[in-house]
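The next block holds one structure in the form of C-alpha cells; read it before the comments.
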Amino acid sequence: MSPLTTKQIAHLRAQGQRLEPMAHIGQAGLSDAVLASVNQALDAHELVKVKFHAFKEKRKPLAAELAGRTGSVLVQQVGHVVVLYRAAADPAARKIQLS
C-alpha cells in the first residue's frame, strides 16, 4: 500500500472518531483469533478501531505489529485505541474514497 498523504490521514482520522471498537486485544495478545478478527473487519469495513484491554504498556509496538501483520496502515493511536485502514482489493468495492 502506498503511503497516505496528510490530508488522507486527516480524513480517515475524522471518520474513525465515530467508530466503535471492532476488535479487542486482551490477555492473549495478538493471537491468531485476534488477527483473523481484525482482518475480517478490515475486509468488511476498511477502517476499524481496535482497543487494548491488556498489554497497555506495550501498545505502541503491538499496534505497529498489528498493522504490519494485517497489511494495514496505522492511522491513529490515542490512549488505548488504534485506528487501522486497509483499502479493499477491488477498487469498485471500496467504501472509503481517498482523493
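General remarks:
- Taking every residue in the range 43-65 that is under 12 Å from GLN77 (Cα atoms) and in contact (Cβ under 8 Å) with a residue 12 or more places away in the chain and pairing it with any residue that is surrounded by fewer than 14 Cβ atoms within 10 Å (Cβ to Cβ) and charged (D, E, K, R), at least 6 positions away or on another chain, the pairs with Cβ-Cβ distances below 7 Å are LYS49/GLU20.
- Residue within the range 85-92 that is of a type in the set (Lys, Arg) and farther than 19 Å from THR6 by Cα present: no
- When residues of the range 82-99 are limited to those that are touching a residue at least 60 places away in the same chain (Cβ under 8 Å) and in contact with a helix residue (DSSP H, G or I) (Cβ under 9 Å, 6 or more places away or on another chain), the one farthest from GLN27 (Cα to Cα): SER99
- Boolean, ALA36 is touching a strand residue (DSSP E or B) at 6+ places or on another chain (Cβ under 8 Å) and at negative phi: no
- Residue in the range 52-74 that is within 16 Å of HIS24 (Cα to Cα), among the polar types (S, T, N, Q) and under 9 Å from the mean Cα position of the chain (by Cα) present: yes
- Flag for ILE25 being in contact (Cβ under 8 Å) with a residue 12 or more places away in the chain, of a type in the set (Val, Ile, Thr) and under 16 Å from LEU12 (Cα atoms): no
None of the figures in this text is laboratory data; all of them are computed from the coordinates on show. If you're wondering where the values come from, they're calculated on a predicted model, not measured in any experiment. A quick note on method: Cβ atoms are made from the backbone with ideal geometry, for glycine too, and the neighbour counts reach across all protein chains shown.
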